[in-house]
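Down below is the structure, laid out as structure tokens.
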Amino acid sequence: MTEPVSVRTAVRVASEPLVAVEELRVSFPSAGVEAVRGVSLSVAPGECVAVVGESGSGKSVTARSLLGLAGPGAAVRASRFTMAGRDARGFGPRDWRRIRGRFAGLVLQDALVSLDPLRTVGDEIAEVLAVHDVVPRPGRTARVVELLASVGIPDPEIRAGQYPHELSGGLRQRALIASAVAADPELIIADEPTTALDVTVQAQVLRLLADRRAAGTAVLLISHDLAVVASLADRVLVMKDGLVVEEGPTERVLSSPGHEYTRSLLAAVPSASSRGTRLSAPAVPLPERAAGHAPEVLAATDLSLSYGSRRAVDGVSFTLHRGETLGVVGESGSGKTTLARLALGLLDPGSGEVRLHGQLWSGVRERRRRPRRPAIQLISQNPLESFDPRHTVGRLVAEPLRGLPRRERRARALELLERVGLAPGLAARHPRELSGGQRQRVAIARALGPRPDVLVCDEPVSALDVSIQAQVLDLLAEIQAEDGTALLFVSHDLGVVHHISDRVLVMKDGRVVEEGDVDDVFFLPRHPYTRDLVAAVPHLPT
Amino acid sequence: MTTAAVAAAVTRRPYRPRPGAVLAGLFLTLLAVAVVAPGLVTGVDPLAADPLRALAPPGPEHWLGTDHLGRDVLARIVYGARHSLSIGVLATGLAVTAGVLLGLAAGLSHRWVDEALARSFDVLSTFPELLLALLVIAITGPGTGNVILAIGIAQIPNYARVIRAQTFVVRRAGYVEQAVTSGLPRAAITARHVLPNVLGPIPVLATIGLGQGVIAASGLSFLGMGPQPPAAEWGAMLSEARNYLRVAWWVALFPGMAITLTVVCLTVIGRRLQRRFEGRTP
């Protein structure tokens, strides 16, 4: 921090890539893992390069290595590694500190974690200005406000004095971007910048990054979401198992992918066009469902529930027929999870009623409800949380099979595991030893045990990679076709809901703002909020 | 000890025994032997009085000297371990059992029941442990059984509060909710899912609590509330020795050291367990 950094001029003169690595290898010797196995990548001034891949592909480690943040115990090697026109292989902590923030700003996924909870947003940003000495002290407050305004934060003067927890997720993410760009870096490295955000907020953040790019800042975007990448990037690198399997201009890669993995990734994305076909094996139709007049299994009338003065669910009615899938979409806080819990009889509504098989289901004593519970089962977003940590897979799946002799329970549990595509050998394992996809299969097997008529799925695939998500959605569709189970499918992902649902409810602030056939609602939205939602979804080129 | 603790917390290596923990473990093993079969540790009768050799200093014949009645101090300490430790263990067992049940009841009950129980834990824990134990003795009268009861009651809030807090977390856990949707009866959910998952911190707490129990037991015996003479009990030994402190330091020092070492070793092991299991599901 002694001399002003002259990296910027060096780059301008040379007009070479801002950052370039060749044969980047990152390994964690203590864990015996080589996360990145020879990745070459460069970002030119003003360019937007995207790295996409599923979890464990090494995309985040790659991005962090570019800022010298691969973590303690990481061995980073490269045959070439230039940063701001200098060889970064010999960089010490001091050199890296000069690069970070000043030359390259980092935006991470979770702004609540990335911002110091004990400092105001304004202080956080002012610190970047102070450390890199870009703005002298008297002008800093004004500059902070200016920066907050530039990332589209309303009332920047007020917001600068607030703490991260006082801001909404979208505002926090924008504040984080403001601090990343505070020192006016040449390059922004954004690691899953929109993953935790609602779709409309995601659209705002993407627009913000696009604005930055238009202003001449280069962006390196890391994402698992191909559609997010499509809207922003000039070039895409597709990573798998620490290697780049495909690279090229975004349009080309997404519309005519050359590598099989890219093709399977693209095919696995659920959307309106994938309805009725398998996601995990493209162009294979799903089994037909019995159509026609199906009896009503679950009905809710005018449900309302308030927490204090806040109405979590406000006058919601719906019906669900045998073999049907009813999607519930909405952003965080829209009341969709509360609705799911009301349907399950885990909460009782303040007013209104739920009927299961025509009989009153809400507001009855738990003792009366218990014998009927097998008819309606839950599949939740985070299966690991829904498993008793001490139990094995076999025990978890067998638990709801009450009333059967021990041996039959065991046999039935193995049968259920087989049905969801899990090897019987997994029965003796603990869920934490399984992958995310396997865990969700275990949760599905457990839910199928009591032969339910209704499955309430609360964001069942949100935590999964797109290829695993595809397998789980296919599995749900198969089960539905075979058993005629009705699904109440809650999700924030419009693509997923469009793929799997017959009808859909759109929720906002506890109310249903629009409902109907899924194609009608998503193709011809009538309510302005639905229109906003649909418009905010990033699309793959078709 | 402190630096070792900090270093261990920071580095988090795979298990490697530390000298302190090993020594503590050895001492406690020896103590366990003394409790189960004191004859293996010393061949001397702790009650054999020999007035001619009263207050003999430590020497080759009596390693730790003799007391005012000429009884071997070492033998009395070895045999006394049974009294002191069994009071500690039984009192801790009582406190853990009652504490877990009450904590669980509070955590699962309706709000006003919970409030009533929680406030009573608070009231109990405002009394110093020993004072509360004395209060119980004042009602029940002295004696080994009553000392166990007194110390046990005094320690209940330590466990009940932790279990209550754990229960609040576990009863809202996804797997409990899942058990409800599976149609499991309340008792089955409590026994199978709630209880086992709230017990995590208990082994650690109980190890440390055991040390406190031993101190309390000795303290009450010192005051003459515990096992009655001529039974060898560390606190009672201290009490008898206090009249001879000037002429025979060994009569008081060695029982005192036995108490101190026991408590220190239990605490070392307890902290060690705590560090190993902190933040992990059992």
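Report yes if some residue within region A:139-152 is surrounded by fewer than 13 Cβ atoms within 10 Å (Cβ to Cβ) and either basic (Lys, Arg) or at pLDDT below 90 (or both); otherwise report no.
There is at least one residue in region A:139-152 that is surrounded by fewer than 13 Cβ atoms within 10 Å (Cβ to Cβ) and either basic (Lys, Arg) or at pLDDT below 90 (or both).
What is the one condition in (1) part of a loop (DSSP other than H, G, I, E, B); (2) touching a His at 6+ places or on another chain (Cβ under 8 Å) that A:VAL506 does not satisfy?
Among (1) part of a loop (DSSP other than H, G, I, E, B); (2) touching a His at 6+ places or on another chain (Cβ under 8 Å), A:VAL506 violates only (1).
Among the residues that make up region A:371-393, is at least one of them away from chain B (no Cβ under 13 Å) and either in a loop (DSSP other than H, G, I, E, B) or closer than 22 Å to B:PRO185 by Cβ (or both)?
Yes, region A:371-393 contains at least one residue that is away from chain B (no Cβ under 13 Å) and either in a loop (DSSP other than H, G, I, E, B) or closer than 22 Å to B:PRO185 by Cβ (or both).
Are any of the residues in region A:420-433 surrounded by fewer than 19 Cβ atoms within 10 Å (Cβ to Cβ), within 14 Å of another protein chain (Cβ to nearest Cβ), of a type in the set (Lys, Arg) and assigned to a loop (DSSP other than H, G, I, E, B)?
No, region A:420-433 contains no residue that is surrounded by fewer than 19 Cβ atoms within 10 Å (Cβ to Cβ), within 14 Å of another protein chain (Cβ to nearest Cβ), of a type in the set (Lys, Arg) and assigned to a loop (DSSP other than H, G, I, E, B).
Being more than 24 Å from A:GLY242 (Cα to Cα), at pLDDT below 90 and not β-branched (Val, Ile, Thr) narrows it down to one residue among A:PRO93, A:PRO72; which is it?
Being more than 24 Å from A:GLY242 (Cα to Cα), at pLDDT below 90 and not β-branched (Val, Ile, Thr) holds for just one of A:PRO93, A:PRO72, which is A:PRO93.
Tally the residues that are of a type in the set (Phe, Trp, Tyr) and in a loop (DSSP other than H, G, I, E, B), restricting the search to region B:39-86.
1
Of all the residues that make up region A:184-213, how many are closer than 17 Å to A:ARG98 by Cβ and surrounded by fewer than 22 Cβ atoms within 10 Å (Cβ to Cβ)?
Of the residues in that region, 2 qualify.
Scan region A:77-87 for residues that are touching a residue at least 60 places away in the same chain (Cβ under 8 Å) and out of contact with any Asp or Glu (no Cβ under 6 Å at 6 or more places or on another chain) and report the count.
Number satisfying all stated conditions: 6.
Give region A:342-370 a look and list any residue that's within 14 Å of chain B (Cβ to nearest Cβ), of a type in the set (Gly, Ala, Ser) and assigned to a loop (DSSP other than H, G, I, E, B), or say none.
A:GLY345
Determine, yes or no, whether A:ASP225 is touching a residue at least 24 places away in the same chain (Cβ under 8 Å) and within 30 Å of A:ALA44 (Cβ to Cβ).
For A:ASP225, the condition - touching a residue at least 24 places away in the same chain (Cβ under 8 Å) and within 30 Å of A:ALA44 (Cβ to Cβ) - is met.
Please name all residue pairs, on different chains or six or more residues apart, with Cβ atoms under 6 Å, provided the first residue is in region A:88-106 and is among the basic types (Lys, Arg) and the second residue is buried (at least 16 other Cβ atoms within 10 Å of the Cβ).
As it stands, the answer is A:ARG89/A:PHE81; A:ARG98/A:VAL5; A:ARG100/A:LEU67; A:ARG102/A:VAL5; A:ARG102/A:HIS132; A:ARG102/A:ALA183, since those pairs meet every condition given.
(1) assigned to a loop (DSSP other than H, G, I, E, B); (2) hydrophobic (A, V, I, L, M, F, W, C); (3) more than 13 Å from chain B (Cβ to nearest Cβ): which one isn't true of A:LEU339, the others all being true?
(1)
Checking B:PRO196 against (1) surrounded by fewer than 21 Cβ atoms within 10 Å (Cβ to Cβ); (2) facing another protein chain (nearest Cβ under 8 Å); (3) closer than 19 Å to A:ARG369 by Cα: exactly one of these is not met. Which one?
(3)
Could you identify the single residue in A:GLU366, A:GLU385 that is assigned by TED's automatic domain parsing to the domain that holds A:ALA477 and not β-branched (Val, Ile, Thr)?
Values: A:GLU366 fails: assigned by TED's automatic domain parsing to the domain that holds A:ALA477.
That would be A:GLU385, the only listed residue that is assigned by TED's automatic domain parsing to the domain that holds A:ALA477 and not β-branched (Val, Ile, Thr).
Determine which single condition B:THR207 fails, assuming it passes every other condition in (1) under 20 Å from A:PRO400 (Cβ atoms); (2) away from chain A (no Cβ under 12 Å); (3) among the hydroxyl-bearing types (Ser, Thr, Tyr).
Among (1) under 20 Å from A:PRO400 (Cβ atoms); (2) away from chain A (no Cβ under 12 Å); (3) among the hydroxyl-bearing types (Ser, Thr, Tyr), the lone unmet condition for B:THR207 is (1).
Go through region A:204-245 and count every residue that is modelled with pLDDT under 90, over 18 Å from the mean Cα position of the chain (by Cα) and under 15 Å from A:TYR261 (Cβ atoms).
Summing the residues that are modelled with pLDDT under 90, over 18 Å from the mean Cα position of the chain (by Cα) and under 15 Å from A:TYR261 (Cβ atoms) in region A:204-245 gives 0.
A:THR250 - would you say it is β-branched (Val, Ile, Thr) and at pLDDT below 90?
Judged against the criteria, A:THR250 is not a match.
Starting from residues that are of a type in the set (Ser, Thr, Tyr) and closer than 24 Å to A:THR485 by Cα, keep the ones in region A:325-343 and report whichever is surrounded by the most Cβ atoms within 10 Å (Cβ to Cβ).
Restricting to residues being of a type in the set (Ser, Thr, Tyr) and closer than 24 Å to A:THR485 by Cα, the top hit is A:THR325.
Check A:ALA126 against each of (1) assigned to a helix (DSSP H, G or I); (2) in contact (Cβ under 8 Å) with a residue 60 or more places away in the chain and name the one condition it does not meet.
Result: A:ALA126 fails condition (2) only.
Within region A:402-418, track down each residue that is at pLDDT below 90 and either closer than 22 Å to A:SER462 by Cα or among the aliphatic types (A, V, I, L, M) (or both).
A:LEU404
In the list A:GLY327, A:GLY315, A:GLY333, which residue meets the criterion of being under 25 Å from the mean Cα position of the chain (by Cα), away from chain B (no Cβ under 14 Å) and part of a strand (DSSP E or B)?
On inspection, the qualifying residue turns out to be A:GLY327.
For region A:395-426, give me each residue that is among the small types (Gly, Ala, Ser) and under 21 Å from A:GLU478 (Cβ atoms).
A:ALA413, A:GLY421, A:ALA423, listed by residue number.
Quickly run through region A:491-542 and pick out the residues that are free of Cβ contacts under 8 Å to residues at least 24 places away in the same chain and crowded, with 24+ Cβ neighbours inside 10 Å.
Once the filter is applied, which keeps residues that are free of Cβ contacts under 8 Å to residues at least 24 places away in the same chain and crowded, with 24+ Cβ neighbours inside 10 Å, region A:491-542 yields only A:VAL521.
Collect the residues in region B:158-178 that are within 16 Å of A:ALA398 (Cα to Cα) and more than 7 Å from chain A (Cβ to nearest Cβ), keeping them in residue-number order.
The answer is B:VAL176, and nothing else.
Any residue in region A:399-417 that's outside any helix (DSSP H, G or I): show its pairings with residues that are crowded, with 20+ Cβ neighbours inside 10 Å at Cβ separation under 6 Å, as long as the two are six or more apart or on different chains.
As it stands, the answer is A:PRO400/A:GLY449; A:PRO400/B:SER182; A:LEU401/A:ARG409; A:LEU401/A:GLY449, since those pairs meet every condition given.
How about region A:22-46: which of its residues are over 20 Å from A:PRO249 (Cβ atoms), modelled with pLDDT of 90 or more and out of contact with any helix residue (DSSP H, G or I) (no Cβ under 7 Å at 6 or more places or on another chain)?
A:GLU22, A:GLU23, A:ARG25, A:SER27, A:ARG37, A:GLY38
All but one of (1) within 14 Å of chain A (Cβ to nearest Cβ); (2) at negative phi hold for B:ASP122, so report the exception by its number.
The single condition B:ASP122 does not satisfy is (1).
The values are calculated or read from the model by the stated rules, or taken from the named source; none is laboratory data. Just so we're clear, the structure is a prediction, and the values are computed from it rather than from any experiment. Neighbour counts are summed over all protein chains in view; Cβ atoms, including those assigned to glycine, are modelled from backbone coordinates with ideal geometry.
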